[in-house]
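This report refers to the structure that appears directly beneath it.
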Amino acid sequence: SQQGEEDPQALSIQEGENATMNCSYKTSINNLQWYRQNSGRGLVHLILIRSNEREKHSGRLRVTLDTSKKSSSLLITASRAADTASYFCATDQGAQKLVFGQGTRLTINP
Amino acid sequence: AAGVIQSPRHLIKEKRETATLKCYPIPRHDTVYWYQQGPGQDPQFLISFYEKMQSDKGSIPDRFSAQQFSDYHSELNMSSLELGDSALYFCASSPGPSYEQYFGPGTRLTVT
């Protein structure tokens with residue numbers, strides 16, 4: 001992948017637990033965006049974090065960015081069954097495109 | 001709020017046929033992107049347009065072409081279709097470069 005790795009590739013947790021997904025990338029970036037995708041459906045934008053930001057929150061989502069380590073993490077707190085989906089990170093590397101990671105398949109068990 | 005509109009949502013074509021996919025961006029968004037997502041794969045960037053001019057090009061085959069029109073909608077034209085072109089094709093729009101990209105629901109293309 002041009003992007004790097006997402007870790008883990010798959011994650012299964014119980015409803016109510018927190019889920020953490022990690023993303024690494026290889027080049028300098030303008031921003032990093034996280035998306036959710038239900039099977040075969042569209043990509044839903046979750047959050048954008050710019051290269052000069054270290055942490056961002058949106059509802060139950062918390063995103064961190066460490067540009068020195070070229071990594072980001074997405075934390076979903078108090079998970080719900082409806083959070084079951086694939087989660088992708090995507091980097092804006094200065095050209096007018098997003099480079100996606102391979103995604104993490106998250107399963108929330110009731 | 002208005003979202004990105006793509007048409008058609010599903011398309012079935014035979015090998016060597018042509019296909020045209022349409023994308024209508026969110027109002028006042030001047031930047032459009034096209035991505036291809038194969039089964040079990042992450043989305044791959046194809047091409048983008050900013051203010052009706054091509055702004056970046058990714059792994060788009062020479063058999064494909066695209067343009068953005070004066071009303072900012074975009075069309076992806078695909079010719080000499082191959083079985084490997086079967087995929088989900090997403091259009092995204094943003095209010096400018098390096099802003100959030102909002103994706104449409106996708107067009108599922110099946111080539112038989």
(request) Check off (1) free of Cβ contacts under 8 Å to residues at least 12 places away in the same chain; (2) surrounded by 14 or more Cβ atoms within 10 Å (Cβ to Cβ) for residue B:62 and give me the number that stays unchecked. (result) (2)
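Residue-by-condition table, conditions (1) under 23 Å from residue B:89 (Cα atoms); (2) part of a strand (DSSP E or B); (3) among the β-branched types (Val, Ile, Thr):
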{"residue": "A:22", "(1), (2), (3)": "no, yes, no"}
{"residue": "A:28", "(1), (2), (3)": "no, no, no"}
{"residue": "A:32", "(1), (2), (3)": "yes, yes, no"}
{"residue": "A:41", "(1), (2), (3)": "yes, no, no"}
{"residue": "A:46", "(1), (2), (3)": "yes, yes, no"}
{"residue": "A:49", "(1), (2), (3)": "no, yes, yes"}
{"residue": "A:52", "(1), (2), (3)": "no, no, no"}
{"residue": "A:57", "(1), (2), (3)": "no, yes, no"}
{"residue": "A:62", "(1), (2), (3)": "no, yes, no"}
(message) Being open to solvent by 10 Å² or more (accessible area, probe 1.4 Å), more than 8 Å from chain A (Cβ to nearest Cβ) and closer than 13 Å to residue B:22 by Cα is the filter here; which residues of region B:88-106 pass it?
(response) none
(message) Kindly evaluate residue B:54 against the criterion of being in a strand (DSSP E or B), modelled with pLDDT under 95 and polar (S, T, N, Q).
(response) yes
(request) Collect the residues in region A:85-94 that are open to solvent by 10 Å² or more (accessible area, probe 1.4 Å) and closer than 18 Å to residue B:97 by Cα, keeping them in residue-number order. (result) A:93, A:94
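Yes/no per residue for (1) within 10 Å of chain B (Cβ to nearest Cβ); (2) without any contact (Cβ under 8 Å) to a residue 24 or more places away in the chain:
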site: A:11; (1), (2): no, no
site: A:23; (1), (2): no, no
site: A:56; (1), (2): no, yes
site: A:68; (1), (2): no, yes
site: A:73; (1), (2): no, no
site: A:84; (1), (2): no, no
site: A:87; (1), (2): no, no
site: A:94; (1), (2): yes, no
site: A:109; (1), (2): no, no
(request) Tell me which of these residue A:105 doesn't satisfy, since it passes every other one: (1) surrounded by 21 or more Cβ atoms within 10 Å (Cβ to Cβ); (2) in a strand (DSSP E or B); (3) within 14 Å of chain B (Cβ to nearest Cβ). (result) (1)
(request) Please specify each residue of region B:1-35 satisfying the condition of being polar (S, T, N, Q) and either under 16 Å from residue A:41 (Cβ atoms) or more than 15 Å from the chain's Cα centre (by Cα) (or both). (result) B:6
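Can you tell me which of A:56, A:97, A:70 is more than 23 Å from residue B:1 (Cα to Cα) and crowded, with 18+ Cβ neighbours inside 10 Å?
A:97 is the lone residue from the list that is more than 23 Å from residue B:1 (Cα to Cα) and crowded, with 18+ Cβ neighbours inside 10 Å.
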(request) Please identify the pairs in which a residue from region B:31-51 that is more than 8 Å from chain A (Cβ to nearest Cβ) and farther than 13 Å from residue A:98 by Cα has its Cβ atom under 6 Å from the Cβ atom of a residue that is open to solvent by 10 Å² or more (accessible area, probe 1.4 Å) and charged (D, E, K, R), counting only partners at least 6 apart or on another chain. (result) B:51/B:30
(request) Taking residue B:71 as the residue in question, decide whether it is without any contact (Cβ under 8 Å) to a residue 24 or more places away in the chain, charged (D, E, K, R), more than 10 Å from chain A (Cβ to nearest Cβ) and under 15 Å from residue B:7 (Cβ atoms). (result) yes
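The values are calculated or read from the model by the stated rules, or taken from the named source; none is laboratory data. Remember, it's a predicted structure, so these values are computed and weren't measured experimentally. Because the Cβ atoms are built from the backbone with ideal geometry, glycine has one as well, and the counts that use them run over all protein chains shown. What goes into the accessible areas is simple: the full protein's heavy atoms, side chains included, and nothing from ligands, DNA or RNA. Shrake-Rupley method; radii C 1.70, N 1.55, O 1.52, S 1.80 Å.
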